[in-house]
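Beneath this line is the structure, given in structure tokens, with notes to follow.
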Amino acid sequence: MHVISEQRLDGGVLAREFTLGEIPGTLWTPESAAPAPLILMAHNNGLPKSAARLVARARHSAAYGYAVASIDAAGCGDRPRSADDEQARAELRRAMQAGEPVDEIFESFIGPLVEQAVPDWLTALDALLALPEIGGPVGYSGWTALGIRLAVVEPRIAAAGFFAGGYVPHAQRAEARQINVPLLFLLQWDDEGNPRQRALDLFDAFGSTEKTLHANPGGHIGTPWFEVEDGNRFFGRHLK
């Protein structure tokens, strides 16, 4: 891991920009000298690690006592995308403007995006857990499709918080039954473009014996801030 820059933020949180080969990332760590449990934080559908909502959540969780890391995995953020991926995104914009069905288009690029992103997240996890200031265990927060796959293939993930907004490919919907870690699932009841019943069916499919659904009124980006605080308490029950 090569640290590019570091900055001390309010509350003693240390923010470090780093690279792992071609993988850019950010690590936020609390002021405490004790090794901290780790939360991997990913934005829905592979948006950049610098997205303002993700950064705000990460800083808050770090101040609460967690180490928090986010990366731009393959095809995410400013990382290069394939010509097929760019074509699918252009077709998605056209279809949405025309009011046409978009599920098949989402499937064509979200499915491969998950497959490409998982190896980068696993590489980052190995490097992060080698740092003396991080002691585990590990939680995951954010993009549901990616989180399902990570929770299935990575036994070090002990708890997960998923955001229901965003398309979940067929492969990850099938894998949901293999999830067995404690789960917090956040749903915006009036999320435009994300059918409510599909999210409820996904929650029902998760195999976890401890799973909690929090539903709030409002659109896609209207998740109340108190859910961030509740999320920290959720991870506190399972990571600390």
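The values are calculated or read from the model by the stated rules, or taken from the named source; none is laboratory data. Source: prediction; values computed, not measured. When we count neighbours, we look across all protein chains shown, and the Cβ atoms used for this are built from the backbone with ideal geometry, even at glycine.
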(message) Among the listed residues Leu202, Leu213, identify the single one that is part of a strand (DSSP E or B), at pLDDT 95 or above and among the aliphatic types (A, V, I, L, M).
(response) Leu213
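Got at least one residue in segment 161-172 being at positive phi and in a loop (DSSP other than H, G, I, E, B)? Let's see the steps before the verdict.
Quick first cut of segment 161-172, residues at positive phi only: 166.
After this cut, where a residue has to be in a loop (DSSP other than H, G, I, E, B) as well, the list is 166.
Yes, some residue in segment 161-172 is at positive phi and in a loop (DSSP other than H, G, I, E, B).
Among the listed residues Lys240, Lys211, which satisfies the condition of being more than 15 Å from the chain's Cα centre (by Cα) and within 17 Å of Val68 (Cα to Cα)? Walk me through how you get there before you give the answer.
Numbers: Lys211 fails: within 17 Å of Val68 (Cα to Cα).
Checking each option against the conditions leaves just Lys240.
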(request) For segment 148-156, indicate whether the set of residues that are more than 20 Å from Trp225 (Cβ to Cβ), among the small types (Gly, Ala, Ser) and free of Cβ contacts under 8 Å to residues at least 40 places away in the same chain is non-empty. (result) yes
(message) Exactly one condition in (1) in contact with a Pro (Cβ under 9 Å, 6 or more places away or on another chain); (2) surrounded by 16 or more Cβ atoms within 10 Å (Cβ to Cβ); (3) part of a helix (DSSP H, G or I) is false for Ser208; which is it?
(response) (3)
(request) Would you tally the residues in segment 177-197 being under 19 Å from the mean Cα position of the chain (by Cα) and farther than 20 Å from Ile157 by Cβ? (result) 4
(message) Let me confirm something: among Asp230, Asp190, which residue is among the acidic types (Asp, Glu), over 14 Å from Ile39 (Cα atoms), in a helix (DSSP H, G or I) and touching a residue at least 24 places away in the same chain (Cβ under 8 Å)?
(response) Asp230
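With the requirement that a residue be part of a strand (DSSP E or B) and touching a Lys or Arg at 6+ places or on another chain (Cβ under 7 Å), what does segment 7-22 give you?
Leu14
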(request) Could you list all residues from segment 1-45 that are farther than 16 Å from Ala69 by Cβ and touching a Phe, Trp or Tyr at 6+ places or on another chain (Cβ under 8 Å)? (result) Asn44, Asn45
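Would you point out the residue of segment 80-92, among those that are at pLDDT below 85 and charged (D, E, K, R), that is farthest from the chain's Cα centre (by Cα)? Spell out how you get there, then give the answer.
Narrowing segment 80-92 to residues at pLDDT below 85: 80-86, 88-89, 92.
If we keep only those that are charged (D, E, K, R) as well, we get 81, 84-86, 89.
Working: Arg81: 19, Asp84: 24, Asp85: 20, Glu86: 22, Arg89: 20 Å.
Looking at the filtered set, the residue picked out is Asp84.
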(request) Might you check whether a residue that is buried (at least 16 other Cβ atoms within 10 Å of the Cβ), among the acidic types (Asp, Glu) and over 20 Å from Leu40 (Cα atoms) occurs anywhere in segment 214-230? (result) no
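Here are Gly142, Gly165, Gly161: which of them is under 20 Å from Ala58 (Cα atoms), in contact with an Asp or Glu (Cβ under 6 Å, 6 or more places away or on another chain) and surrounded by 15 or more Cβ atoms within 10 Å (Cβ to Cβ)? Give the derivation first.
Numbers: Gly142 fails: in contact with an Asp or Glu (Cβ under 6 Å, 6 or more places away or on another chain); Gly161 fails: in contact with an Asp or Glu (Cβ under 6 Å, 6 or more places away or on another chain).
Selected residue: Gly165, the only one of Gly142, Gly165, Gly161 that is under 20 Å from Ala58 (Cα atoms), in contact with an Asp or Glu (Cβ under 6 Å, 6 or more places away or on another chain) and surrounded by 15 or more Cβ atoms within 10 Å (Cβ to Cβ).
Hey, among the residues in segment 93-102 that are among the hydrophobic types (A, V, I, L, M, F, W, C) and within 19 Å of Gly166 (Cβ to Cβ), which one's nearest to the chain's Cα centre (by Cα)?
Going residue by residue through segment 93-102, those that are among the hydrophobic types (A, V, I, L, M, F, W, C) are 95-96, 98, 102.
Still in the running and within 19 Å of Gly166 (Cβ to Cβ): 95-96, 102.
Working: Ala95: 26, Met96: 24, Val102: 23 Å.
So, considering only residues that are among the hydrophobic types (A, V, I, L, M, F, W, C) and within 19 Å of Gly166 (Cβ to Cβ), the one nearest to the chain's Cα centre (by Cα) is Val102.
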(message) Of the conditions (1) surrounded by fewer than 16 Cβ atoms within 10 Å (Cβ to Cβ); (2) modelled with pLDDT under 95, Pro155 satisfies every one except a single condition; which number is it?
(response) (2)
